[in-house]
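To start, the structure under review is shown below, and the notes come after it.
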C-alpha cells in the first residue's frame, strides 16, 4: 500500500513507517500525553476521523492501520492472531517512542488494547474499550466473517470476488446489520476500503486466526482502569459482552450509549469524546485554546 489519497480523512497527518515485518500507515496529531487509537477489524484510521482532532487538543494522538488493512502493508498474514498482532503493535509503539497513557480500541481493537496492557513494559493508565468485541460476533458478521475466512484458505480468489462485489448498497447493508447508522461519508469510506483486495484478505486472515480464550482468562488480572463504552443497540457485539468483561475485571466500569450501534465513535462522536475526557479526567479544550498552548 502507498500513502492514502489526499481526500482521505486527516491525510496530512499520515506517514508510512517500516517496522519489520510490516509497513504501517500511521497518523500522529497534537501534543501532550500519548493516546493510542486502535481500530476494529475491517476498518482503518478513518473510523477515528471525528475524534482525532478534538483529542489532539489534549493529547499526542497516534492512530494506525492494522497490518494489511487500510493503507498498511502486511509483511506476512501469518501474524494476524491477537497475540502476534499485539507483539507487532508493541514493536511499532517502541519504534515511535510512545508511552501511551491512554489506549482506546474499537471492536477487535479493544481486545488488542487489553492485550497490549499485558505485554507493554509500561502499561497505560487508562483503557477505553468501545463496543469491545471480546466474544464472537453475532448477527450477519457472526457467520459471515468466519465463513469467508475459511473460504479464503481454500480459494485465494475469494478476496478478489469480495472486492469486486463491494458496492455502496452492500456496504450500507453490512454496516446496518451491526445496528450502526453512520453518515454517507462513512459509508463511502468503508466502500472504498472493501473494494481493495488486500484489505479484504487481511481482514479475513485476522478473523481466521483470532482467538480470545487467553485474554478472557487474563481479564481478572488486568488492574488498569478500564471503561467499556458500548452502544446499547449494537447487534454485532451485544452489550452483555461488555457487561460480563467489566464484571471480570477488578477496576472496570460500563457505560451504555442509548440508541447507538456498533460504530459508536462514528455515530455519536461528541458523546464518545465527552466520555473519554471524563474518564481520563481531562478538561476539554477548544481548538483555539489548544493552538495557543502549542505556541507557548
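The values are calculated or read from the model by the stated rules, or taken from the named source; none is laboratory data. Note that the coordinates shown come from a computational prediction; the quantities given were computed from them, not determined experimentally. No Cβ is skipped: glycine too gets one built from the backbone with ideal geometry, and neighbour counts run over all protein chains shown.
Numerical summary
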{"quantity": "Qualifying residue in region 188-204 (condition: in contact with a helix residue (DSSP H, G or I) (Cβ under 8 Å, 6 or more places away or on another chain), modelled with pLDDT of 90 or more and more than 18 Å from residue 45 (Cα to Cα))", "calculated": "no"}
{"quantity": "Hey, residue 7 surrounded by fewer than 23 Cβ atoms within 10 Å (Cβ to Cβ), under 26 Å from residue 264 (Cα atoms) and in contact with a strand residue (DSSP E or B) (Cβ under 8 Å, 6 or more places away or on another chain) or not", "calculated": "no"}
{"quantity": "Considering residues of region 28-50 that are in a helix (DSSP H, G or I) and touching a residue at least 60 places away in the same chain (Cβ under 8 Å) only, the residue surrounded by the fewest Cβ atoms within 10 Å (Cβ to Cβ)", "calculated": "48"}
{"quantity": "For residue 61: the one exception among (1) touching a strand residue (DSSP E or B) at 6+ places or on another chain (Cβ under 7 Å); (2) free of Cβ contacts under 8 Å to residues at least 60 places away in the same chain; (3) outside any loop (DSSP other than H, G, I, E, B); (4) surrounded by fewer than 24 Cβ atoms within 10 Å (Cβ to Cβ)", "calculated": "(4)"}
{"quantity": "Residue within region 212-231 that is more than 30 Å from residue 68 (Cβ to Cβ), assigned to a helix (DSSP H, G or I) and touching a strand residue (DSSP E or B) at 6+ places or on another chain (Cβ under 9 Å) present", "calculated": "no"}
{"quantity": "Qualifying residue in region 15-26 (condition: under 16 Å from the mean Cα position of the chain (by Cα), in a strand (DSSP E or B), modelled with pLDDT of 95 or more and under 20 Å from residue 111 (Cα atoms))", "calculated": "yes"}
{"quantity": "Condition check for residue 72: farther than 21 Å from residue 124 by Cβ, crowded, with 19+ Cβ neighbours inside 10 Å and either touching a residue at least 60 places away in the same chain (Cβ under 8 Å) or within 13 Å of the chain's Cα centre (by Cα) (or both)", "calculated": "yes"}
